[in-house]
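Right, one structure below, let's go through it.
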Amino acid sequence: QVQLVESGGGLVQAGGSLRLSCAASGRTFSDYAMGWFRQAPGKEREFVAGISWSGRSTGYADSVKGRFTISRNKSNNLVYLQMNSLKPEDTAVYYCGAFGNGYYNRDRGAVDYWGQGTQVTVSS
């Protein structure tokens, strides 16, 4: 079992930055790949970024590539999403997800565990 708790969301002006954190509990956290997804009102939950169990492989949605960076710290069971140059279209609830097979997937159906989400609002 893995439990995930996101934090770091808030209101920011366009062009600003936020760093989201995902705290994981569970003895096997280091074996899981991790991902960030987001869901805007009236839209489906979509992949934002993923990182493999080792941290050596990362991937991003085209819409955030070059602006967002995912990272993980296995020593304290944390996963981060650094978001720079934020745009109003980045406004959404951001969710942390864990993949039990050790490799991230852009398909939200492949996520084994979800956090409760954190709201990010970018004003224009």
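The values are calculated or read from the model by the stated rules, or taken from the named source; none is laboratory data. Everything numeric in this text was worked out from a predicted model, so none of it was measured. We place every Cβ from the backbone using ideal geometry, glycine too, and count neighbours over all the protein chains shown. The area values use the complete protein model at the heavy-atom level, side chains included, leaving out ligands, DNA and RNA. Shrake-Rupley method; radii C 1.70, N 1.55, O 1.52, S 1.80 Å.
Taking the simple approach of a point 7 Å from Cα along Cα-to-Cβ for both T58 and S7, what is their distance in nm?
Placing both labels 7 Å along Cα→Cβ, they lie 2.2 nm apart.
Antiparallel DSSP bridges in the chain: what percent, to the nearest 5? Intermediate results must be reported in sequence, preceding the final value.
On the way: 37 of 41 bridges.
Of the beta bridges lying entirely in the chain, close to 90 percent run antiparallel.
Can you list the residues, at least 5 places off or on another chain, whose amide H is less than 5 Å from the amide H of L86, using H built in the peptide plane?
G15, G16
Ignoring any ligand, DNA or RNA, what whole percent of the accessible area of the chain comes from carbon and sulfur when the probe is 1.4 angstrom? Kindly include the intermediate steps, with their values, before the conclusion.
Working: 2780 of 6260 Å².
The value for the chain is 44 percent carbon and sulfur by accessible area.
Using the heavy atoms of the protein chains and a 1.4 angstrom probe, tell me the accessible area per residue for segment 19-124 in square angstrom. Intermediate results must be reported in sequence, preceding the final value.
Working: 5180 Å² over 106 residues.
With the other protein chains kept in place, segment 19-124 gives 49 Å² per residue.
Which whole-Hz couplings ³J(HN,Hα) result when phi for each residue of segment 45-61 is put into the Karplus expression 6.51 cos²θ - 1.76 cosθ + 1.60, θ = phi - 60°, listed in order with x for Gly and Pro?
Calculated HN-Hα couplings, in order: 5, 10, 5, 10, 7, x, 9, 6, 4, 7, x, 7, 10, 10, x, 9, 5 Hz.
Over the Cα atoms of segment 1-87, compute the convex hull volume and normalise it per residue, giving Å³. Let's see the in-between values first.
Values: hull volume 8.9 nm³, N = 87.
Considering the Cα atoms of segment 1-87, their hull volume per residue is 103 Å³.
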